[in-house]
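Peer 1: I have a structure I would like to understand better, so I am pasting it below and will then ask my questions one at a time.
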Amino acid sequence: MPLVARGSQGVLDIVDPPAVASNHGSLAADGDMLATSLADVDLHVAPRFSGSFVAQPATPLATVLANPASFSVNKRAAVSSVVTVATDVEPFVDRLVQWRLDTPGCTDVERPALHLNSAGASLPTKRTVSAITEYIEFEARNGGYEAADLVNDGKAVHGSIARLVHAEGPHEVALAESGRAAWASAFYGIPFQPGDVILTCLIEYGANYVAFLHLRDTKGVKLDMLPHRPDGTVDAAAVGRCLDEHGGRVRAVAVTHVPTHGGIVNPCEAIGREIRRWNEAHSMDPHRRVLYAVDACQSVGQIPIDVADMHCDILSATSRKFLRGPRGVGFVYVRNDVIPVLNPPTLDHYAADWIARDAYRMNATARRLEKWECSVALRLGLGAAVEYALDVGLDTIWTRVRWLAAYLRTKLRAVPGVILRDTGTDLCGIISFSVAGWPAAELRTALQRTYYVNTTVSTVGQARIDLESRQLDDFNRASVHYYNSRDEVDRFVAAIAELASTHPPRVVDSAEV
Ligand SMILES: Cc1ncc(COP(=O)(O)O)c(C=O)c1O
């Protein structure tokens, strides 16, 4: 039986999922990115890369479902579109009980909160909580410095992060107190000259954009937009032309992989390939080439990240979101040959050695971006979170996040009054939406107080360029993670359906609460 798939650029809106689940029929996407055919048990995947279709060998669907990780990154991206959207089978459900048992926030019987806010701060595992609390006690018994010596200042976390993002090694990783601080320590270190251009994207995170404006005012740099596709993602194929048009004045391209406010995913690998190609034709000298900075705060921990595949020079993230680490810590990766280029805005005697009364020497590793004082406990907590994510497997996490998000969107779409706000076509675990008649903040409060559902609100100040272009001030945001269950999604959608059919309550003054 033929299956119908609508959409383009990777979005497949499958009309007949049960037939897909039974592995029969043929499937065709009328868009230009995916062409897929499914005949009996054979899944033939032909993703489009950089403008041309690349045919992959036909693969039994059962093999794909059993082991999506066996596909290379590019194939996997296409295959998981099909697997997550086209089947009615919840992936990795056999591991869910263990993941939930490992998560204190999922086993609290007193107050069974439903946490759909991993994009804000996710629920940590017991392993992460123990790493922090046990160390704090260890510190209390041994003394802060002495305890730190015994765990080598928590330096192992640099190695864990390097493995997570496929960096060369720990020397390319620096820690800071947040994702934004980590990003800024590297980005402000780029030696911008007046007239240099920063190119950025529609969904760039608000704090980064403010930094660009600040650099405009303090360093005389210019700010311009990368070319975009109609779906709001950066048009990777047009990046080279855009760099040409700026006549060699572009010093940095800054892209947010996944924004704070929605499910859109920028094609960071394709953008990186185009920048690299342009650099190769002009100069690969890190002092002169276009530097590529990726804000991966919302993608690290939900999407497999490979800095080599992305060809990025800088990549930053925070601990508390999809990585499930503690608050108060973040990290930045800096490509080895770019480290000497970065001149951090502030230095201390840890980032640089004080080698003579009037001289210092900056550390040769990414440590030049760090500060001496830090919370070793939080670093150890982040290390535990990274190791847990690696144990679960980033491919597993991504497959499940996409499945849950697709399931949630499908259910929400069916609720009268719900407006899905996500732009983009290849969507992740952040779902943005509004409910007719409900101001976003009131809906969030009602969800939390009446249904114990944690969600949040995205506002124009977080992503002004994007929201202004859509004439929106705010909307609601729910974010799923792999430890969320299908039942939880159903519970959330039922709450939304109930609220959508009522009017918001009278606004309660905070003094009355
Ligand atoms: C895309 C993005 N970048 C950067 C940040 C900043 O991270 P942090 O709050 O850890 O500084 C956030 C936080 O929401 C974010 O969503």
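The values are calculated or read from the model by the stated rules, or taken from the named source; none is laboratory data. Since the structure is predicted, the reported quantities are computational estimates derived from the model, not experimental observations. Every residue, glycine as well, gets a Cβ built from its backbone with ideal geometry; the counts of neighbours run over all protein chains shown. Please note that ligands, DNA and RNA were not included when accessible areas were found on the heavy atoms of the full protein model with its side chains. Shrake-Rupley method; radii C 1.70, N 1.55, O 1.52, S 1.80 Å.
Peer 1: Checking Tyr292 against (1) within 21 Å of Ala463 (Cβ to Cβ); (2) in a loop (DSSP other than H, G, I, E, B): exactly one of these is not met. Which one?
Peer 2: Of everything listed in (1) within 21 Å of Ala463 (Cβ to Cβ); (2) in a loop (DSSP other than H, G, I, E, B), Tyr292 misses just condition (2).
Peer 1: With respect to Arg216, determine if the residue is under 28 Å from Leu243 (Cα atoms), without any contact (Cβ under 8 Å) to a residue 40 or more places away in the chain and outside any loop (DSSP other than H, G, I, E, B).
Peer 2: Against the criterion (under 28 Å from Leu243 (Cα atoms), without any contact (Cβ under 8 Å) to a residue 40 or more places away in the chain and outside any loop (DSSP other than H, G, I, E, B)), Arg216 qualifies.
Peer 1: Looking at segment 88-130, which of its residues are closer than 27 Å to Val376 by Cα and part of a loop (DSSP other than H, G, I, E, B)?
Peer 2: Asp102, Thr103, Ser118, Ala119, Gly120, Ala121, Ser122, Leu123, Pro124, Thr125
Peer 1: Just for segment 304-353: of the residues that are touching a residue at least 40 places away in the same chain (Cβ under 8 Å) and among the acidic types (Asp, Glu), which one is farthest from the ligand (Cβ to nearest atom)?
Peer 2: Asp337
Peer 1: Please specify each residue of segment 252-269 satisfying the condition of being within 13 Å of the ligand (Cβ to nearest atom) and open to solvent by 10 Å² or more (accessible area, probe 1.4 Å).
Peer 2: Answer for segment 252-269, where residues must be within 13 Å of the ligand (Cβ to nearest atom) and open to solvent by 10 Å² or more (accessible area, probe 1.4 Å): Thr260, Val265.
Peer 1: Report whether or not Ala174 is within 16 Å of the ligand (Cβ to nearest atom), open to solvent by 10 Å² or more (accessible area, probe 1.4 Å) and touching a Phe, Trp or Tyr at 6+ places or on another chain (Cβ under 9 Å).
Peer 2: In short, no.
Peer 1: Being under 18 Å from the mean Cα position of the chain (by Cα) and either in the same structural domain as Glu204 (by TED's automatic domain parsing) or in a helix (DSSP H, G or I) (or both): is that true of Ile305 here?
Peer 2: yes
Peer 1: For segment 177-208, name all the residues that are open to solvent by less than 50 Å² (accessible area, probe 1.4 Å) and closer than 21 Å to Ile430 by Cα.
Peer 2: Ser178, Gly179, Cys201, Leu202, Ile203, Glu204, Gly206, Ala207, Asn208
Peer 1: Step by step: first the residues of segment 270-303, then only those that are open to solvent by less than 40 Å² (accessible area, probe 1.4 Å) and among the charged types (D, E, K, R), then the one that is nearest to the ligand (Cβ to nearest atom). Which residue is that?
Peer 2: The extreme case among them is Asp295.
Peer 1: If you don't mind, there's one more thing I want to ask. Is it the case that some residue within segment 320-336 is within 25 Å of Ala148 (Cα to Cα), aliphatic (A, V, I, L, M) and open to solvent by 10 Å² or more (accessible area, probe 1.4 Å)?
Peer 2: The answer is no; no qualifying residue exists.
Listed here are the residues, each with its yes/no results for (1) among the polar types (S, T, N, Q); (2) farther than 30 Å from Cys201 by Cβ.
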position	(1), (2)
Ile419	no, no
Thr425	yes, no
Arg444	no, no
Val453	no, yes
Thr459	yes, no
Glu468	no, no
Leu472	no, no
Ser479	yes, no
Leu499	no, yes
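Peer 1: Taking the conditions exactly as written (modelled with pLDDT of 95 or more, closer than 21 Å to Phe192 by Cβ, away from the ligand (no atom under 16 Å from the Cβ) and of a type in the set (D, E, K, R)), does Arg249 satisfy them or not?
Peer 2: Taking the combined requirement at face value, the residue satisfies it.
Peer 1: Tally up the residues in segment 230-243 that are open to solvent by 60 Å² or more (accessible area, probe 1.4 Å) and in a loop (DSSP other than H, G, I, E, B), please.
Peer 2: Adding up the residues that qualify gives 1.
Peer 1: Still on this structure: Would it be correct to say that Ala414 is more than 16 Å from the ligand (Cβ to nearest atom), of a type in the set (A, V, I, L, M, F, W, C) and open to solvent by 30 Å² or more (accessible area, probe 1.4 Å)?
Peer 2: Yes; evaluated as a whole, the condition is true for this residue.
Peer 1: Test each condition in (1) open to solvent by 10 Å² or more (accessible area, probe 1.4 Å); (2) in contact with a Phe, Trp or Tyr (Cβ under 8 Å, 6 or more places away or on another chain); (3) of a type in the set (Gly, Ala, Ser) for Gly247 and report the one that comes out false.
Peer 2: (2)
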